[in-house]
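The values are calculated or read from the model by the stated rules, or taken from the named source; none is laboratory data. In this text the structure is predicted, and so the values were computed from the model without any measurement. Reconstructed Cβ throughout: ideal geometry from the backbone, glycine too, with neighbour counts over all protein chains shown. For the accessible areas, the whole protein counts, side chains as well, though only heavy atoms, and no ligand, DNA or RNA atoms are used. Shrake-Rupley method; radii C 1.70, N 1.55, O 1.52, S 1.80 Å.
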Amino acid sequence: MDRLRLPNSRLYSTSDFSDYISVVSANMVLSMERWVGKVAVVTGASVGIGAAIARMLVENGVIVVGLARRSDEIEKLAKTLSDKKGKLYAVKADVSKEEDVKNAFKWASEKVGPVHILVNNAGIHDRTSLIDGDTEKWRNTLNVNVVALCIATREAIKIMRENNIDGHIIHINSVVGHKVPNLPNLDVYSASKYAVTSLTETLRLEINALKLKIKITSISPGLVNTSFIDEETRKTEYIKDLLATRSLNPEEIADGAQYVLSTPPGVQVHELTIKPLHEQF
Ligand SMILES: NC(=O)c1ccc[n+]([C@@H]2O[C@H](COP(=O)([O-])OP(=O)(O)OC[C@H]3O[C@@H](n4cnc5c(N)ncnc54)[C@H](OP(=O)(O)O)[C@@H]3O)[C@@H](O)[C@H]2O)c1
């Protein structure tokens, strides 16, 4: 289209608006530029979605501190990224242990700088049931998926406030944090992700009350083909079909993380749900 008719009925050529159009498009450009050289902490960066997000951040020039029990896997990933704009550091941490999380943030602050981005990605599903389930397994899932996420968030926000940082916190949630699907042995896993949905909004309200310039985003993936999907679940008819036809890969979730981080400072994506095509729930 090269002609526009405005309410005053006069016909304008788009060249009449060229300055305006270029300003609008310049403002609409998504950019990772403001994060270049800044520090991100990614929990569960050894494999799967966390590793893909760590890679995406390093490719965009971010200094990433990756936390996991298998820190050797993060070190291996770091070697493959040595020619990229940013850098990946591995810190061995079991996020279910408060001291490990606190030490990891201390290490990051002292060695590479104050955290600007936190990706709460570490998550488990220690499978059992509700009817005759194992208490320790419930505790493990809730500790990693909920309590560790709260501890890491608190530590990150403390550092962001001390350093007056306009940071961004991303919680890796799940579609099962919004709706309970009919899948076997979900036990407390779905509840743990409902907690993440609630914690996202509660944190937003606390941030609003203090007028902090920190963004909070929940990213809720559908089925992603990672080691998270255990052999038992892979045998479920519905999951088997979806894995055979269309499941997401970790890089597609990292693309989502890149999008939310790329938005201008005044824009907050609260929830980003990413489902594979034809997912039923
Ligand atoms: N895959 C899916 O279909 C799917 C869908 C929706 C949401 N999600 C969510 O996405 C996130 C990542 O899942 P994924 O699919 O990438 O799973 P994954 O391949 O099993 O990776 C899980 C990551 O979490 C880390 N982790 C687990 N327990 C930890 C602990 N105690 N301390 C430190 N790190 C720990 C693991 O590292 P170490 O084992 O090395 O410690 C690993 O890096 C989870 O929050 C999950 O709930 C996954």
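The residues of the chain expose on average 52 square angstrom of accessible surface per residue, using a 1.4 Å probe on protein heavy atoms.
When a 1.4 Å probe is rolled over the protein heavy atoms, the share of accessible surface on the chain that falls to carbon and sulfur comes to 52 percent. Kirkwood hydrodynamic radius computed over region 136-281 comes to 16.5 Å, based on all pairs of distinct alpha carbons.
What does the charge count near N120 come to, summing +1 for each Lys or Arg and -1 for each Asp or Glu among other residues with Cβ under 14 Å from its Cβ? Around N120, the surrounding residues sum to +2. For L272, the residues 5 or more places off, or on other chains, whose built amide H falls under 5 Å of its own are S218, I219, S220.
Over region 38-274, the pair-distance histogram of Cα-Cα distances with 10 Å bins from zero comes to 8, 33, 38, 17, 3, 0 percent, rounded to whole numbers. Close amide H partners of V65, meaning residues 5 or more places away or on another chain with modelled amide H under 5 Å apart, are A40, V41, V42, Y89. Approximating the spin labels as points 7 Å out from Cα along Cα→Cβ, the R34-to-K158 distance works out to 2.6 nm.
Cross-linked pairs K38/K84; K85/K111; K193/K240; K102/K193: Cα-Cα separations exceed 20 Å for K193/K240; K102/K193.
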